[in-house]
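To keep things clear, I will list the structure first and then write my remarks on it.
The values are calculated or read from the model by the stated rules, or taken from the named source; none is laboratory data. Every value quoted in this text rests on a predicted model; they were computed, and no experiment measured them. Every residue, glycine as well, gets a Cβ built from its backbone with ideal geometry; the counts of neighbours run over all protein chains shown. Note: areas computed on protein heavy atoms with side chains; ligands, DNA, RNA excluded. Shrake-Rupley method; radii C 1.70, N 1.55, O 1.52, S 1.80 Å.
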Amino acid sequence: MDSGRWQTISAHFSELAEMPAAERARALARLQEQDPEVADEVRSLLEADDPDFLATPANVSLSGEDADPELAPGTPIGPYHIVETLGEGGMGIVYLADRKDEQFERRVALKIIKRGMDTHRVVRRFQAERQILASLTHPNIAHLYDGGMTDDGLPYFSMEYVDGLPIDRYCVQNNLDLEQRLRLLCDACAAVQHAHQNLVVHGDLKPSNVLVTRDGKVKLLDFGIATLLDDRSGTGAPATLHGLRPFTPEFASPEQARGEPLTTAADIFSLGVLLHVLLTNQRPHELAGVPALDIPRVLEQLPPPCPSALGTAWARRLRGDLDTIVQVAMHSEPARRHTTAMALADDLCAHLEGRPVSARRDSVRYRAGKFVRRNRLGVGLTAAAFVLSLGFAGIMGGQARRIENQSREIVRERDRAEDVTAVLVDMFDVSDPINGSVARGDTMRVLDFLQLNEKRLTTELRDQPQTHAGFAHLMSRLYANLGHYDKALELIEESVTVRRAIVTPPDVELARGLDFLGTTLDRLGRSKEAEVHMREALDMRRALNTGPHLETAESLNNLAWCLSSQMRFEESLELDRQALEMRRRLQGSAHPDVAQSLNNLASSLLYLDRLAEAEPLYREALRIRQTNLGNDHPYVANTMNNLGRLLCDMGSLAAADSLISEAIAVWSRTLRPDHPEVAAGWLNLALVAERSEDLPRAVEAMQRALAIDMASLPAEHPFIAQDHLQLGRLQLAAGRAEEAVPMLRQAHAFYLRERGPDDEDTRQASELLKKAEERRQS
Amino acid sequence: MNERSEVTRLLMASGAEQAPDVDRLLPLLYDQLQALARKMLRNEMQQPTLATIDLVHEAYLKLVNQSQVSWQGKGHFLAVAAMAMRRIVVDRARRRKRAKRGGGEAPLPLLTGVEVIDESGNGSLDSEDVILLDATLDRLAEFDARGARVVECRYFAGLSIEETAQALDCSPITVKRAWRAARSWLRREMDAAV
């Protein structure tokens, strides 16, 4: 090819690659008429166009220099000594090793990552396996002992050494009867059930991973490709060239062969295949020689297995129940299989005991059980990173839809569609727990995701201000939901700045940005600045919408909140009333937004000590939120906590205690235990404990509040001063003057600086500090 | 003269009109990047692999006196560093492949599953693929020099679109187009070669 010709071809390619499919087909057809040779080239290039190809840049590792020989017997690894090599897998070598010291002697299987394999991806997967093993404790699962790093810096872990035979060979060698075989499979089911209950899918169940020891004990091995359903630990499965993960074709379900996310149903299928093997000494199908790419199609087209038709020793006893159980477990549709491994085991037991089994051949009555569905959701979320992050934000309730709309709006910017798609695809790549380069717990994952994509804002989107502003706003919201207000502020400021440069006010998006900027500043304790932005947003929204409008109501609500942070409760009360009225008119009386207004209005009343008026409002807010959002929602927790505080002030300590404790539990479940919201719960609980004259508990609760606030808020935040003051006061009351002094000192310094010597809090802090210092002396 | 001032000097001598002295800069960066890679990998036990982009950025901080080097100078640095990274990555892939061949028969897998796909890769490619990519890239360079440089920058050095544009002194849009077209051509040719 010469460069002139390439220029022609690549120019056509670039143009066509960016077209929607239909348009592209027409353009290709035109090109075909003009220049068939060029058209052919362009077409084949379009076919080869693959965003994944070369998408992950190269990396270097020490391993390139020399490959490891296998470790010789006697080599020390941590506290172990190598005995011999047991086997070698894709990423690691497994050795038999001994641990000998004064206390005990132990024989272990030592899995060491292979040199040359210690790429990021493999190390993460290796660590994931270790973490998964650590989370499982079951007599039928080989368990993890410990792990570490070899002298050469290679990660390893040690696990129970299982001296046994693959389950199928064990059955044949020991000439087990049908009942004994079924009992063994039940044990395997129990182990799988345990893994599933811990949200782990094994993903590669087959005889060589289900061993039976000499004394007949089943041991499940090799969680090397296992995935975590809810992805708490991060990375489950390996990334591979085409996004497929390794599997064993003869034991894999059709959906697994298609490369779909692993679910518990995939393990049920594999258990079904194992059952087939134990019943007949044959696999239901042989796939040797079938090209990897054809396996999914072949698996889908296989007829339902029929063990009794294979004419083996127990053929007659297989007809009926056992045929049906195998067929149900191996159903091509995951939803038609046994819902749990235990259900499969139950059917086997029922058969053994002559009870009717639950499995019905392709019956309509298949249960889409709660357990499996919930887990499917987990997998579904992790399968798409963008959805994941939205899904996570989804627990923030009302925000989710807004964020979703926002992202949809962003995507709707048709003229910029290509770049947005590229960014989304890239985001997807790094955040995908299966293929991505990011690890660790839900929260960490979203955080990693955000951090990784921040750079794009400044680089790739620089020339697309609208998209830039939209993404910055979106990411700011996600950060705020995660309780990282400083990052949220940075991003929303960026979004507003970019937006200001391209729009003429009043502008809907700019108003949204300003409102959120205000909200974020207020969360950071900068409520005076916040007020300025919120008022600008409110003015803009009033100019854009005459009469009642949802966005105007939102502005009123948020401004009221900001005023109450400044302790201007009369003003906030008035704005809360306006917002409530507007929302009721627009959304009816049972809408979650109305609940928000009720909650905030009640809070303003509470601060003004109008307790009797506040109580029915909190209760109505709680009722609306529970009806709309269920019990497990941060907003529900918020109202429970507020109501608890009110009841505490009214003297109903027991009721207050249980509401606030419940609020803390809900927050901890739905956000995380150290989310800044939760501090509000501990603060109130401290108050309740104090009034119940349980000072140690009060001090402890207050310490928790302080710890959370310190970790998530800027040092000069008024909440922290409040925490110091209250904690100091409680410690002093509990006779712990020594500890109280530094707390009170910090509170006093803050109030003196921020509010002057005559402020009520300053004086209180000063008096308490004096008292504490005196008491410390004596 | 130490490496830092030597690299800086070579970059300063180049400018908007003047291309850098690749013949002298390249071997210098090759050695320095190798040494730096070993050092960083040894210091970071938790991270047994190193993204090439981190290496390039670190090298820039260590080897270049930023106050003396212009924007173009940094672009030239990135471009030559990308060439060096390509050689380093490909050399390592060659060594790894040899090592594998010489390593004798592996025992049969016992505790791990049949893995349908080779995932011993570097980024998304395994050693053989890296070597094939290197050869295919040479063929591409015969008629699309820029496309080949873009792939060097993007894949081998991990540069962003922006940085690649800076390195090759063209617009990000040009980089994006060249990247996509070159990648498709490479993929097609590499698929045909396997």
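In table form, for the structure just shown:
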read-out	value
Average partner coverage of A:42-54, which counts Cβ from other chains inside 10 Å	5
Solvent-accessible area per residue, Å², over region A:479-593 with all protein chains present [probe radius 1.4 Å]	43
Total accessible area lost when B and A pair, probe 1.4 Å, Å² to nearest 100	6000
Label zone at A:HIS591, where the point sits 7 Å out along the Cα-to-Cβ direction: region A:633-667 residues whose backbone N lies under 19 Å	A:635-636
In nm, spacing of pseudo-spin labels at B:LYS62 and A:ASP758 (7 Å Cα→C-beta vector)	6.3
Taking all pairs of distinct alpha-carbon atoms in region A:620-694, Kirkwood radius in angstrom	12.0
Ratio Rg/Rh, restricted to region A:654-778 and using Cα atoms, in which Rh is the Kirkwood radius	1.00
Solvent-accessible heavy-atom area per residue, rounded to whole Å², over region A:601-647 at 1.4 Å	40
Prolate/oblate/rounded call for region A:511-622, Cα gyration tensor, a/c under 1.5 rounded	oblate
Hz values of 3J(HN,Hα) by residue in region B:166-171 - Karplus curve (6.51, -1.76, 1.60), Gly and Pro given as x	5, 5, 9, 6, 8, 7
Links that overshoot a 26 Å alpha carbon limit, given the list A:LYS111/A:LYS219; A:LYS100/A:LYS219; B:LYS39/B:LYS74	none
Distant-in-sequence amide H partners of A:GLY147 (H built 1.01 Å from N, under 5 Å)	A:SER158
Average beta-carbon neighbours from other chains, 10 Å sphere, peptide B:125-134	1
Shielding score for A:9-22, defined as the mean number of other chain Cβ atoms within 10 Å	3
If the convex hull is drawn through the Cα atoms of region A:125-209, its volume per residue in Å³	106
Relative packing of A:566-574, A:154-162, A:745-753, which averages over residues the other C-beta atoms within 10 Å, highest first	A:154-162, A:745-753, A:566-574
Cβ-defined net charge surrounding A:ILE720, 12 Å radius [Lys, Arg +1; Asp, Glu -1]	-4
Under the Karplus curve 6.51 cos²θ - 1.76 cosθ + 1.60, θ = phi - 60°, whole-Hz ³J(HN,Hα) for region B:59-68, x wherever Gly or Pro sits	4, 4, 5, 7, 9, 10, 7, 4, 5, 9
Ranked packing of A:637-643, A:547-553, A:196-202, A:10-16, most packed first, by mean Cβ within 10 Å	A:637-643, A:196-202, A:10-16, A:547-553
Protection-proxy order for peptides A:334-346, A:694-706, each taking the mean of Cβ atoms within 10 Å per residue, highest first	A:334-346, A:694-706
